[in-house]
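**Student:** Below: one structure in structure tokens.
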Amino acid sequence: QEGAAAILASEAPKRTDDAKALYSYCMKNGMELKNVVFDAALAGYLLNVNSSDYTVERLCAEYGVTYSVERLGESLFLLNRALWEKIHQQEMYGVLADIEIPLAEVLSSMEIEGVKLDTEALREFGDALQPKIKEIEQDIYKEAGHEFNIGSPKQLSVVLFEELGLPAGKKRKTGYSTDADTLEGLRGRHPIIPLIFDYRTLTKLYNTYVKGLEAAVSPDGRMHTTFKQTETRTGRISSAEPNIQNIPVRTEIGRNFRRFFVAGEGRMLADADYSQIELRILAHVTGDEHMQQAFLTGEDIHRSTAAKIYGIPQSEVTPRLRSSAKAINFGIMYGKGAYSLSKDIGVSVKEADAFLKNYLAAFPKVSGYMDKTIADAKACGYVSTLFGRRRALPELASSNFNVRSSGERMARNTPIQGTAADVIKLAMVRVWKRLRDEKMESRLILTVHDELIVEAPEAEAEKAAQILREEMEGCVQYAVPLSTDVHAGKNWLEAH
């Protein structure tokens, strides 16, 4: 053990196939791990985000290396050499060495720290949900005229489309689809529809979150999620057991869930959230002066977009126009067309189409950027983030129109979403290192989407919040500032 500890803590370069596991092992055993220069799984992920796993055996198969359990060291050596060459060839070693490997250390420490949960309050919340669920159940039975299993798509399909005679949509093996999109299209047709939505929301909250979070709490009263670096196609971090990226934040009742994530005794949570980071990156990469100006002067971007599309002063922009502009600001990044936009803003496809055309005419640089991105991706087969992270898009060469269209949507969206992911990861590394270098007791404990959360002793909370802001806003220099909203509180809801 002593010999191993000395090697791990030395400046000698280390190559591994799972840096996060190695960092965790060292942290748990009071050892230090220095100078990891390569990680086969992370390199394999950067080289091919479309793969399902990054085990040594599968990577050997992909890179033409003979895999042998008896001579694992040799297999690993040859695999690392092949990946090393390829990652340098594709100019992604910077992303690996400056972002992903340092991040592995940050994520191991976050998993070990965990986050404290107020299990008593969580249980009370769950108990209060039960009668509400029962009440909605009874209302649904009343509308259907009899009891049935609401959770069974097959039984629900019979009730909606055969007994109540509602217009059916997609046909599946088990009957007609009862997915959210189908039900959304039936809103206003029958009072049973909104009840089913409410029922699904509440039962999901109860089963996935109340029960799921309760089960995930360790004997130390904290929840230790597992952060994953090689799951998403765009480079974002995901988490499992439980998946905290999925905590519902858009509904009032879902937002309430943040109350149960609390700071330990004598501590506070400092929470920093990037404000509209993807739109800011869009303003930077397209070079659109109007968008940049709005962010530089701190205007409301959606109001300013609406004013520009309609050629009216900002003071005349109604809430409805603003929300339409908001839908299009985000929709444009996801490559949404007139049909999908019409559903988002509740207008006819024709109106949405005119809206889109007006937008692209008002923002020619955005339009030009999107066209160029798709053309470049078709020419070279991949798109890149501003940091050089790549995503191969074989879909663009497909002869199937739908597959090709989805490839075009990914080509528009990945550089923006992927750059945001890179920025957040870089910010995490910088926040973590700064807390360590300044010998603070504050710890980075959570990341959800564009948000970072630090648990700090009360005396350090203000400084921790300041560090979050400085490192998140200062980790890159773009044409517009990457502003953050920073707050502190006793629980996640208060701190957000």
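**Student:** So, GLY418, is that one out of contact with any helix residue (DSSP H, G or I) (no Cβ under 8 Å at 6 or more places or on another chain), assigned to a helix (DSSP H, G or I) and open to solvent by less than 10 Å² (accessible area, probe 1.4 Å) or not?
**Tutor:** Values: out of contact with any helix residue (DSSP H, G or I) (no Cβ under 8 Å at 6 or more places or on another chain): yes; assigned to a helix (DSSP H, G or I): yes; open to solvent by less than 10 Å² (accessible area, probe 1.4 Å): yes.
Here the answer is yes, as GLY418 does meet what is asked.
**Student:** Among the residues of segment 399-406, is any outside any strand (DSSP E or B), under 23 Å from GLU111 (Cβ atoms) and either open to solvent by 60 Å² or more (accessible area, probe 1.4 Å) or out of contact with any strand residue (DSSP E or B) (no Cβ under 8 Å at 6 or more places or on another chain) (or both)? Break it down stepwise before answering.
**Tutor:** Of all residues in segment 399-406, those outside any strand (DSSP E or B) come to 399-406.
From the residues that got through so far, the ones that are under 23 Å from GLU111 (Cβ atoms) too are none.
Looking for residues that are outside any strand (DSSP E or B), under 23 Å from GLU111 (Cβ atoms) and either open to solvent by 60 Å² or more (accessible area, probe 1.4 Å) or out of contact with any strand residue (DSSP E or B) (no Cβ under 8 Å at 6 or more places or on another chain) (or both), one finds none in segment 399-406, hence no.
**Student:** While we're looking at this one, here's another question. Restricting the search to segment 112-130, which residues are surrounded by fewer than 18 Cβ atoms within 10 Å (Cβ to Cβ) and either free of Cβ contacts under 8 Å to residues at least 24 places away in the same chain or within 30 Å of TYR23 (Cα to Cα) (or both)?
**Tutor:** ILE112, GLU113, ASP118, THR119, GLU120, GLU124, ASP127, ALA128, listed by residue number.
**Student:** Going by the structure shown, is LEU205 in contact with a Leu (Cβ under 6 Å, 6 or more places away or on another chain), aliphatic (A, V, I, L, M), open to solvent by less than 60 Å² (accessible area, probe 1.4 Å) and part of a helix (DSSP H, G or I)?
**Tutor:** Working: in contact with a Leu (Cβ under 6 Å, 6 or more places away or on another chain): no; aliphatic (A, V, I, L, M): yes; open to solvent by less than 60 Å² (accessible area, probe 1.4 Å): yes; part of a helix (DSSP H, G or I): yes.
Judged against the criteria, LEU205 is not a match.
**Student:** Considering only segment 241-262, state which residues are in contact with a Leu (Cβ under 9 Å, 6 or more places away or on another chain), open to solvent by 30 Å² or more (accessible area, probe 1.4 Å), not β-branched (Val, Ile, Thr) and not in a helix (DSSP H, G or I).
**Tutor:** Across segment 241-262, the qualifying residue is only PRO248.
**Student:** Considering only residues of segment 421-472 that are of a type in the set (Lys, Arg) and not in a strand (DSSP E or B), which is surrounded by the most Cβ atoms within 10 Å (Cβ to Cβ)? I'd like the intermediate steps shown before the answer.
**Tutor:** First, pick out the residues of segment 421-472 that are of a type in the set (Lys, Arg): 425, 430, 433-434, 436, 439, 443, 463, 469.
With not in a strand (DSSP E or B) added as a condition, the list becomes 425, 430, 433-434, 436, 439, 463, 469.
Values: LYS425: 26, ARG430: 19, LYS433: 14, ARG434: 17, ARG436: 15, LYS439: 6, LYS463: 15, ARG469: 17.
Checked segment 421-472; the qualifying residue surrounded by the most Cβ atoms within 10 Å (Cβ to Cβ) is LYS425.
**Student:** Please give the number of the condition PHE330 fails out of (1) farther than 19 Å from SER275 by Cα; (2) among the hydrophobic types (A, V, I, L, M, F, W, C); (3) open to solvent by 40 Å² or more (accessible area, probe 1.4 Å).
**Tutor:** Unmet condition: (1).
**Student:** Taking the condition among the aliphatic types (A, V, I, L, M) and more than 27 Å from the chain's Cα centre (by Cα), does LEU107 pass? Steps first, please.
**Tutor:** Numbers: among the aliphatic types (A, V, I, L, M): yes; more than 27 Å from the chain's Cα centre (by Cα): no.
No; evaluated as a whole, the condition is false for this residue.
**Student:** To continue, here is another question. Restricting the search to segment 337-393, which residues are open to solvent by less than 70 Å² (accessible area, probe 1.4 Å), of a type in the set (Phe, Trp, Tyr) and part of a helix (DSSP H, G or I)?
**Tutor:** PHE355, TYR359, TYR369 - these are the residues of segment 337-393 that are open to solvent by less than 70 Å² (accessible area, probe 1.4 Å), of a type in the set (Phe, Trp, Tyr) and part of a helix (DSSP H, G or I).
**Student:** Report, ordered by the first and then the second residue, all pairs with beta carbons closer than 8 Å, sequence separation of six or more or different chains, a first member in segment 131-160 that is in contact (Cβ under 8 Å) with a residue 12 or more places away in the chain and among the basic types (Lys, Arg), and a second member that is open to solvent by 80 Å² or more (accessible area, probe 1.4 Å) and outside any helix (DSSP H, G or I).
**Tutor:** From residues that are in contact (Cβ under 8 Å) with a residue 12 or more places away in the chain and among the basic types (Lys, Arg), the pairs are LYS154/THR174.
**Student:** Quick check on my filter: what residues within segment 477-496 are open to solvent by less than 20 Å² (accessible area, probe 1.4 Å) and within 14 Å of ILE281 (Cβ to Cβ)?
**Tutor:** Within segment 477-496, VAL480, LEU482 qualify.
**Student:** Right, another one. For segment 1-42, how many residues are within 16 Å of LEU59 (Cβ to Cβ) and in a loop (DSSP other than H, G, I, E, B)?
**Tutor:** So the answer is 2.
**Student:** Which residue, of GLU265, GLU299, is within 30 Å of MET440 (Cα to Cα) and either open to solvent by 40 Å² or more (accessible area, probe 1.4 Å) or not in a helix (DSSP H, G or I) (or both)? Write out each step before concluding.
**Tutor:** Working: GLU299 fails: within 30 Å of MET440 (Cα to Cα).
Of the residues listed, the single one that is within 30 Å of MET440 (Cα to Cα) and either open to solvent by 40 Å² or more (accessible area, probe 1.4 Å) or not in a helix (DSSP H, G or I) (or both) is GLU265.
The values are calculated or read from the model by the stated rules, or taken from the named source; none is laboratory data. All values reported here derive from a predicted model rather than from experimental measurement. Ideal geometry is used to build each Cβ from the backbone, glycine not excepted, and the neighbour counts take in all protein chains shown. Just so you know, the surface numbers come from the protein's heavy atoms only, side chains and all, with ligands and any DNA or RNA stripped out. Shrake-Rupley method; radii C 1.70, N 1.55, O 1.52, S 1.80 Å.
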